[in-house]
Amino acid sequence: MKTLGLAGSVIGLLALRQPLVVILLTVAACVHMFWGRGNLEDIIEDMWVGLDKEVILSIPLFILCGGVMTRGSIAQRLIRILSAMTKPLPGGLAVATILSCAVFAAISGSSIVTMLAIGTVMYPAMRQAGYDNKFSLGAIMSGGTLGIVIPPSIPMIIYGLVTETSVTDMFAAGFGPGLLLTLALSAYSVWYNWGMPTMAFDFGAFWIAFKDGIWAALMPVILLGGIYSGYFTATEAAAVALAYALVIEIFVHREMRAGDFYNVVLETSKLGGSLFPLIAVALSLNIVLIEHRAPQSLVEFMQSLISSPVMFMVLVNVLLLIVGCLMTT
């Protein structure tokens, strides 16, 4: 009866189009009262316990770093280098878009920031070059999703917090699939635009773009090299990325002013203000579920129904597809 009441409450809140944080907080309150310790004050305590971790600091730092690069010229310089490299390929501008998204995602850790930074530059360029509207938008949207897989990834950090999984191990596991997805999207872009006219490789133009963007190109090398060598933790990598981006934009490129940085901090604060309540409530709910061995019970139940690993992966992806259609980022 309690379970049905909880399910009905969630469905009702969804029908009323309530914010996700309200729905999660309702679920957390019901779970605490019905199956937990029976004290709503424990929700606040569990929120603090869940957020009292060093790795949580990496989330706003990565978001702020992405904002600095978008306001400055790091993103544009990276795009110019990659565009000069992919000119000889059919659909070279689309390939440059995918590669730019992959490189930018490896710095910012955010799909939203990646799509904004790359899309504002590449969408008009692709349309002007003769690419159709649907393909141009599709290239940017699909390239932006690489920010979820390619480390450092903010969703990976959040998942690691909730499931108490090593964030460094998740970063290492995401590199291969991220590279494979990048190659697959690039190959599709070449195949789809096979008949489009190409341009000869211009080493002079490439060298100019490379010299102009050398400091921007070094950023993902330093960041990923530090993470995979074990020299940086996720939080340290975020701090180094932000410091590097600020130094380059202020003192080298000279395209970041105090007013620009203030606006970036303001935008990051707004995004963090909507993100961290969700994380806090989810972590509070997670603590109660772990205390009552809910994840283990769910795994045992699923194992009793599904014996094939392939079928399990298919069902998980179907579930993610359905949930992804109903939820915004």
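Just so you know, all these numbers are worked out from the coordinates, no wet-lab data involved. Note that the structure is a prediction, hence the values are computed from the model and not measured. Positions of Cβ are generated from backbone atoms using ideal geometry, with glycine treated the same way; all protein chains shown enter the neighbour counts.
Round to the nearest 10 and give me the degree value, 0 to 90, for the angle of helix 309-326's Cα axis relative to the longest principal axis of the chain.
On a 0 to 90 degree scale, this one is about 80.
Could you tell me the relative contact order of the chain? Use alpha-carbon pairs under 8 Å, at least six residues apart, and round to a whole percent.
27 percent
For a protection proxy built on the mean count of beta-carbon atoms within 10 angstrom, sort 214-221, 257-264, 61-68 highest first, please.
Ranked by mean Cβ neighbours within 10 Å, highest first: 61-68, 214-221, 257-264.
Report the Cα centroid-to-centroid distance between segment 120-141 and segment 224-275 in angstrom, as an integer.
28 Å
Given R₀ = 41 Å, what would the calculated FRET efficiency be for residue 199 paired with residue 260, taking r from the Cβ atoms and rounding to 0.05?
My answer for the efficiency is 0.75.
Go ahead and estimate [θ] at 222 nm for the chain from helices alone: -39,500 (n - 2.57) per DSSP H run with n ≥ 4, summed, over the residue count, rounded to 500.
That calculation yields -25500 deg cm²/dmol at 222 nm.
What is the helix-to-structure angle for 111-128, meaning the angle in degrees between its Cα long axis and the longest Cα principal axis of the chain, kept from 0 to 90 and rounded to the nearest 10?
40 degrees
Could you list 274, 108, 284 in order of exposure, starting from the residue whose Cβ has the fewest other Cβ atoms within 10 Å?
Lowest count first: 274, 284, 108.
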